[in-house]
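One structure is given below, encoded as structure tokens.
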Amino acid sequence: MRTALVSRLSLSGAVRPAIRIPALRALAPSLTRYAHTKQSKFFKPPTADELAELRDMVQDFTRREITPEFAAEVDRSNVFPNHMWKKLGEAGFLGITAEEQYGGLDMGYQAHCIVMEELSRASASIALSYAAHSQLCVNQLTLNGTPEQKARFLPGLISGDKIGALAMSEHSAGSDVVSMKSSLKKAADGWILNGTKMWITNGPDADVLVVYAKSEPEAGSKGITATIVEKGMRGFSCAQKLDKLGMRGSNTGELVFEDVAVPSANQLGGTNAGVKVLMEGLDLERLVLSAGPVGIMQACLDLTLPYVHQRRQFNIPIGHNQLIQAKLADLHTKTSAARAYMMATAKAVDEGNINTQDCAGSIYFASDRAVECALDAIQCLGGTGYINEVPAGRLLRDAKLYTIGAGTTEIRQIVIGRYFNRLYKDA
């Protein structure tokens with residue numbers, strides 16, 4: 001049980017005074033306990049007070065550690081600040097969905113979305129690397145790892161001593177990811193992995209990677225197996241770090257696997273069962289990543305609102321102009337609607353109801369709106385918004401990624417459409 005959220009989430013390694021929020025749980029055994037395949041057997045959805053406290057703590061962290069000047073420098077240098085992993089680990093943010101016995105908080109997906117949103121509000125690129133680590137790697141190990149695998153990998157990943165990633169996409173297998181060419185061949189003690197992976201967030205830095213490959217190519221989607229690859233394994237390398245339009249500082253790379261010997265102890269899930277691990281993970285990936293564009297939209301508001309009330313033209317603040325007011329109304333409404341959709345979907349997941357159409361719908365709606373909001377922010381700032389001394393341009397470049405990554409906008413539309421096709425298949 002989480003007896004003291006604050007004592008688990010220290011901002012600088014020093015433990016703050018404990019605030020015992022959920023004491024009533026011990027006195028109320030009738031409270032509903034939720035447990036399903038996406039949560040640990042000890043999981044209980046967090047209370048509204050716990051979530052509000054968590055949001056306050058992430059905001060406190062970003063004010064201290066991810067200042068506007070620091071976020072701008074990460075974008076300019078296109079280098080991820082590796083010291084940030086330890087800071088995130090010390091703050092308790094890297095194991096939001098992992099079990100407490102491995103150092104996690106076991107707080108579920110509402111909490112994960114809140115952390116992702118607030119980090120994205122400060123720096124979308126740092127948040128993207130955070131999500132690749134905490135959701136695509138840590139959460140996949142939490143959901144699918146054996147007790148031995150969890151004990152071996154999760155503590156270092158949750159503390160920030162290790163960096164995690166997931167390798168799925170390839171040059172010729174993006175949206176059609178199950179057409180991947182990377183292969184696994186049986187060996188005496190495990191597998192021999194060959195192939196390449198492309199557009200892998202954290203790839204150039206990762207110590208632990210969840211890698212998908214074809215173990216039985218003739219079986220198509222039913223012939224994929226997931227494995228855990230570790231930095232230092234012979235034959236594993238990063239061919240190049242990619243120079244991206246946005247999300248600069250979130251290192252993305254092309255990975256090469258040449259006769260990499262993966263021990264049987266590093267197989268994640270069942271043989272040829274990787275597509276189940278992959279597809280179930282995609283729902284949660286889309287949900288948690290939808291918090292990225294929500295955070296970007298809030299950052300657009302943070303930037304725009306003060307400016308339009310300080311900038312004067314025709315002897316009045318430009319924010320008093322009705323055309324600007326219309327843009328402010330759009331910024332606020334789009335941000336609020338996207339956040340509400342995301343949190344409602346995450347609450348449903350925490351309560352045992354995973355809706356593929358809403359996980360896809362949440363990021364579909366938020367990502368398109370984030371691009372619109374970034375464009376409106378630039379327009380409200382006028383000439384100031386078009387120079388790189390202010391972050392408006394960075395917000396637009398970063399927002400665009402979310403219409404492509406984790407399944408393109410068009411793939412999300414297909415996912416939602418297919419849900420309704422299945423619903424009415426017998427009509």
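What number of residues within region 345-357 are open to solvent by less than 60 Å² (accessible area, probe 1.4 Å) and free of Cβ contacts under 8 Å to residues at least 60 places away in the same chain? Residues that pass the stated criteria total 3.
Restricting Glu118, Glu65, Glu73 to residues that are within 18 Å of the chain's Cα centre (by Cα) and among the charged types (D, E, K, R) narrows the list to Glu118. Examine region 172-181 for a residue that is touching a residue at least 60 places away in the same chain (Cβ under 8 Å) and in contact with a Lys or Arg (Cβ under 7 Å, 6 or more places away or on another chain), and state whether such a residue exists. Within region 172-181, none of the residues are touching a residue at least 60 places away in the same chain (Cβ under 8 Å) and in contact with a Lys or Arg (Cβ under 7 Å, 6 or more places away or on another chain). Among residues of region 393-422 that are in contact (Cβ under 8 Å) with a residue 24 or more places away in the chain and in the same structural domain as Val294 (by the TED database), those with a beta-carbon under 8 Å from a residue that is part of a helix (DSSP H, G or I) and of a type in the set (Phe, Trp, Tyr) at least six positions away or on a different chain give the pairs Thr409/Tyr364; Arg412/Tyr364; Gln413/Tyr364; Ile416/Tyr364. Quick one: would you say Asn194 is closer than 30 Å to Arg248 by Cα, in contact (Cβ under 8 Å) with a residue 60 or more places away in the chain and within 25 Å of the chain's Cα centre (by Cα)? So Asn194 does not fit the description; no.
Test of understanding: among Leu193, Leu157, which residue is of a type outside the set (S, T, N, Q), in the same structural domain as Gly232 (by the TED database) and over 20 Å from Leu242 (Cβ atoms)? Leu193 is the lone residue from the list that is of a type outside the set (S, T, N, Q), in the same structural domain as Gly232 (by the TED database) and over 20 Å from Leu242 (Cβ atoms).
Okay, residues lined up against (1) open to solvent by 30 Å² or more (accessible area, probe 1.4 Å); (2) basic (Lys, Arg):
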{"position": "Asn251", "(1), (2)": "no, no"}
{"position": "Leu301", "(1), (2)": "no, no"}
{"position": "Arg312", "(1), (2)": "yes, yes"}
{"position": "Ala326", "(1), (2)": "yes, no"}
{"position": "Thr333", "(1), (2)": "yes, no"}
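Looking across region 191-210, just one residue is among the small types (Gly, Ala, Ser) and open to solvent by 10 Å² or more (accessible area, probe 1.4 Å), and that is Gly195. Exactly one residue out of Ile404, Ile414 is surrounded by fewer than 22 Cβ atoms within 10 Å (Cβ to Cβ) and under 20 Å from the mean Cα position of the chain (by Cα), and it is Ile404. Under the condition of being open to solvent by 20 Å² or more (accessible area, probe 1.4 Å) and in contact with a Gly (Cβ under 7 Å, 6 or more places away or on another chain), the residues counted in region 40-74 number 1.
Just a yes or no: is a residue in region 178-190 touching an Asp or Glu at 6+ places or on another chain (Cβ under 7 Å), open to solvent by 30 Å² or more (accessible area, probe 1.4 Å) and either in the same structural domain as Glu410 (by the TED database) or within 17 Å of Met233 (Cα to Cα) (or both)? No. Cβ-Cβ distances below 9 Å connect the following pairs, each with a first residue in region 363-388 that is assigned by the TED database to the domain that holds Gly292 and assigned to a loop (DSSP other than H, G, I, E, B), a second residue that is open to solvent by 50 Å² or more (accessible area, probe 1.4 Å) and of a type outside the set (A, V, I, L, M, F, W, C), and a separation of six or more residues or different chains: Asn388/Arg76.
The values are calculated or read from the model by the stated rules, or taken from the named source; none is laboratory data. Values in this document were obtained by computation on a predicted structure and should not be read as measured data. Methodologically, a virtual Cβ is constructed for each residue, glycine included, from the backbone with ideal geometry; neighbour enumeration extends over all protein chains shown. Surface accessibility is based on the protein's heavy atoms, side chains included, excluding ligands, DNA and RNA. Shrake-Rupley method; radii C 1.70, N 1.55, O 1.52, S 1.80 Å.
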